[in-house]
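What follows is calculated from the coordinates using simple rules that are stated; it is not laboratory data. What you see is a predicted model, and the numbers here were worked out from it, not measured in a lab. Reconstructed Cβ throughout: ideal geometry from the backbone, glycine too, with neighbour counts over all protein chains shown.
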Amino acid sequence: MIGWNTWAKAEQYCEKEGGHLPSLHSMEETKFIVSFGTPDGWGVWVGLYSIDEINSWKWSDGTPTDYIPWIFGNDFPFNNDNINATCVYANPYWNPTGSLINDYCSTVNLFVCQIPAKVY
């Protein structure tokens, strides 16, 4: 599923479908998610967020934050001086292999859901 929404509404939709916004743990996963973005800069929400400040990040599915490829190879988010930019999207514009940028959670972006495969 791919659509447009704010971070919270996108995560809520994914949870209703039995999943979450994607968590990224490798460059391969990041490239795959970025492929849903647009060349002119529309990014794709990922499940990374901060509930208190921009230096404390969590994945919405509860997995470890062992891999966070911030834009420009930084060890910190792009909007580092903006404590209100606490949701994150993957952006193909600056780096086709994928970079993460923090933004206002009320921004509307593309989203896809990461839903575990069902075994029948």
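Structure data summary
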item	result
Rg over Rh [alpha-carbon atoms, Kirkwood Rh] for the stretch 10-64	0.98
Separation in nanometres of the label points that stand 7 Å from Cα toward Cβ, at Tyr67 and Met27	1.0 nm
Val119-Trp4 pseudo-label distance in nm [points 7 Å out on the Cα-to-Cβ vector]	4.0 nm
